[in-house]
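Asker: Attaching a single structure in structure tokens format; questions to follow.
What follows is calculated from the coordinates using simple rules that are stated; it is not laboratory data. What you see is a predicted model, and the numbers here were worked out from it, not measured in a lab. Using ideal geometry, Cβ is built from the backbone for each residue, glycine included, and neighbour counts are taken over all protein chains shown.
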Number of protein chains: 2
Amino acid sequence: MLTLYSFGPGANSLKPMLALYEKQLDFKHHMLDPSKFEQHADWFKKINPRAQVPALDHDGKVITESTVICEYLEDAFPDNAHPLRPRDPFAIAQMRVWTKWVDEYFCWCVSTLGWERVIGPMARALSDAEFEEKLKHITIPEQVTKWRNARAGFPKEVLAEEMRKVKLSVARLEQRLSESPWLAGPDYTLADVCNFAIANGMERGFADVVNEAATPNLVGWLKRINERPAAREMFAKVKREDLTPRKAS
Amino acid sequence: MLTLYSFGPGANSLKPMLALYEKQLDFKHHMLDPSKFEQHADWFKKINPRAQVPALDHDGKVITESTVICEYLEDAFPDNAHPLRPRDPFAIAQMRVWTKWVDEYFCWCVSTLGWERVIGPMARALSDAEFEEKLKHITIPEQVTKWRNARAGFPKEVLAEEMRKVKLSVARLEQRLSESPWLAGPDYTLADVCNFAIANGMERGFADVVNEAATPNLVGWLKRINERPAAREMFAKVKREDLTPRKAS
């Protein structure tokens, strides 16, 4: 029995979710509502003490960290007919250079700009007292700082620096995708799944950086992934009613 | 044929080096001299365009990123009698949470304080013109910024923040090692190798944070790894003459 706790098909939550759909594994989806700070609720901290999604419960064992969950699915279901990890050791290493890069670099610059746009207004909608109450439930000190920065608005120099990194990241992806159909080589792998999780939607959110004229290969790659049956099924199935919070069973 | 390019048995270079010794794999060691900026030399950029060590050449294929190299050794030598990765999928995931954490968090705070102490003086020993000449050969923009910051001296608030993170990291390791002999569970794995790479020597460099009284379990774990035959052999074999730079073959 697999249960995925997530914010839905975007950012880090998308990684294991798309992997589950690609691998056609049955799973229960438990969507948490970030606007209600559900990830910091006591019931969820019993599942992941670090109070972060995604988390995967597999027969009572909880696996955390989006990329670790993705590799876990390859390890736990080795006979699955839809592998997302190559078999050749050198090819696996190429895949991991890309999954590591998105976790250590690409996701952070996109994340800060996303927090400025989305989390900032959400945090400012709270009174000081309400906001401080929410912070009490966050277990990671850096997360508390990030919430405070988002509420105050990140300094302009920080935003400029993050945008520089976004542009560098996009250029790196475009360069790679101009020479290879998929990031790690000839096959669609977790390198694509994990980078897609962050890059999907950038044609809208970062339209001046990611567009048909400036980054045709990146746009083509995003389109190819969006058109895969697994992605279509994932986006179609996660409907609004899923946002209704449910208690953990 | 395996050739490891490294700075020797410390920091990220230590990870694949200790793994090679633990697995008793024959390899040629090519030590680069950081004080001569050898990692930025053209001959080495042909091996790793990102101009970073460690890098592993395996029969002409180059694998980069220390943790990726470590996992590569497990994938490429599956029948090796000295595995550093568990076989159980859930145990592998626990191991990866720790190798990911050292790469994304623990290594950075220790690194900045190390740069302040070691790289700063090295950079200040150069004239402005010499320093700018060195920077021209660095391919990663963030590395250029880090060199400049190290030469100028990192701001006090940055150093204080990094020290806060070091203390938090040490507390996390101590807590974990008070409940488990090894980081990922009952077995010595890459979780230990990769965290040891950063934590080894902290009893000297961070004596007020890591010591017998404050962190007995961490100190005991460091000692246990240092006493392993592979670690003893590694530290004994890497002698001063290895620092003489050799041209890549």
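Asker: Going by how many other Cβ atoms sit within 10 Å of their own, how do B:Phe44, B:Phe235 line up, fewest first? Present the calculation step by step, with values, prior to reporting the outcome.
Answerer: Details: B:Phe44 21, B:Phe235 16.
Exposure proxy ranking, most exposed first: B:Phe235, B:Phe44.
Asker: Dividing the convex hull volume of the Cα atoms of region B:140-249 by its residue count, what figure in Å³ per residue is obtained?
Answerer: 174
Asker: Sorted from fewest to most neighbouring beta carbons within 10 Å, what does the list A:Ser6, A:Ser35 look like?
Answerer: If I rank by nearby Cβ atoms, fewest first, I get A:Ser35, A:Ser6.
Asker: If you don't mind, there's one more thing I want to ask. Given R₀ = 35 Å, FRET efficiency for A:Thr145-A:Ala214 by Cβ-Cβ distance, to 0.05?
Answerer: Taking R0 as 35 Å, the efficiency between A:Thr145 and A:Ala214 is 0.55.
Asker: Where the label is 7 Å out from Cα toward Cβ, how close does B:His82 come to the same position in every other copy, in nm, shortest first?
Answerer: 4.1
Asker: Would you please classify the overall shape of the protein assembly as shown from the alpha carbon gyration tensor, given that a ≥ b ≥ c denote the square roots of the eigenvalues, rounded means a/c under 1.5, and beyond that prolate means a/b larger than b/c while oblate covers the rest? Write down the numbers at each step before the final one.
Answerer: Numbers: a/c = 1.34, a/b = 1.32, b/c = 1.01.
Rounded, since a/c falls under 1.5.
Asker: If you don't mind, there's one more thing I want to ask. Among B:Thr67, B:Thr139, B:Thr99, whose mean-square fluctuation peaks in a Gaussian network model of chain B (Cα, cutoff 10 Å)?
Answerer: Evaluated over chain B, the most mobile residue of the options is B:Thr139.
Asker: Would you work out if chain B is rounded, prolate or oblate? Take a ≥ b ≥ c from the square roots of the eigenvalues of the alpha-carbon gyration tensor; rounded if a/c is under 1.5, else prolate when a/b is larger than b/c, oblate otherwise. Intermediate values should be presented prior to the final figure.
Answerer: On the way: a/c = 1.85, a/b = 1.15, b/c = 1.61.
Oblate is the answer for chain B, as a/c is 1.5 or above yet b/c matches or exceeds a/b.
Asker: So the label point sits 7 Å from Cα along the Cα-to-Cβ vector; using that for A:Gln143, what distances do you get to the other copies, in nanometres, sorted shortest first?
Answerer: 3.4
Asker: Ok, one more. Using a 7 Å offset from Cα along the direction of the beta-carbon, what are the separations from A:Pro155 to the same position in each other copy, nm, ascending?
Answerer: 0.4
Asker: Within 10 Å of each Cβ in B:151-161, how many Cβ atoms from other chains are there, averaged over the peptide?
Answerer: Neighbouring Cβ atoms belonging to other protein chains average 0 per residue here.
Asker: Relative contact order (percent) for region A:1-141, with alpha-carbon contacts under 8 angstrom and 6 or more residues of separation?
Answerer: On the way: 140 pairs, mean separation 33.1, N = 141.
Contact order relative to length: 23 percent.
Asker: Related question: Please give me the summed charge of the neighbours of B:Ser180: other residues whose Cβ is under 12 Å from its Cβ, Lys and Arg +1, Asp and Glu -1.
Answerer: Net charge around B:Ser180: -3.
Asker: Identify which of A:Pro54, A:Pro229, A:Pro34 has the largest mean-square fluctuation in a Gaussian network model of chain A, with springs joining Cα atoms closer than 10 Å.
Answerer: Highest fluctuation of the listed residues: A:Pro229.
Asker: Which residue, A:Asp88, A:Asp57, A:Asp187, has the most motion in a Gaussian network model of chain A that connects Cα atoms within less than 10 Å?
Answerer: A:Asp88
Asker: Could I ask something else about it? Sequence gap at least 6, Cα distance under 8 Å: using those rules, report the relative contact order of chain A to the nearest whole percent. Write out the running numbers ahead of the final one.
Answerer: Values: 301 pairs, mean separation 64.5, N = 249.
Relative contact order of chain A: 26 percent.
Asker: Of A:Ile92, A:Ile140, how do they rank once you tally other Cβ atoms within 10 Å and put the fewest first?
Answerer: A:Ile140, A:Ile92
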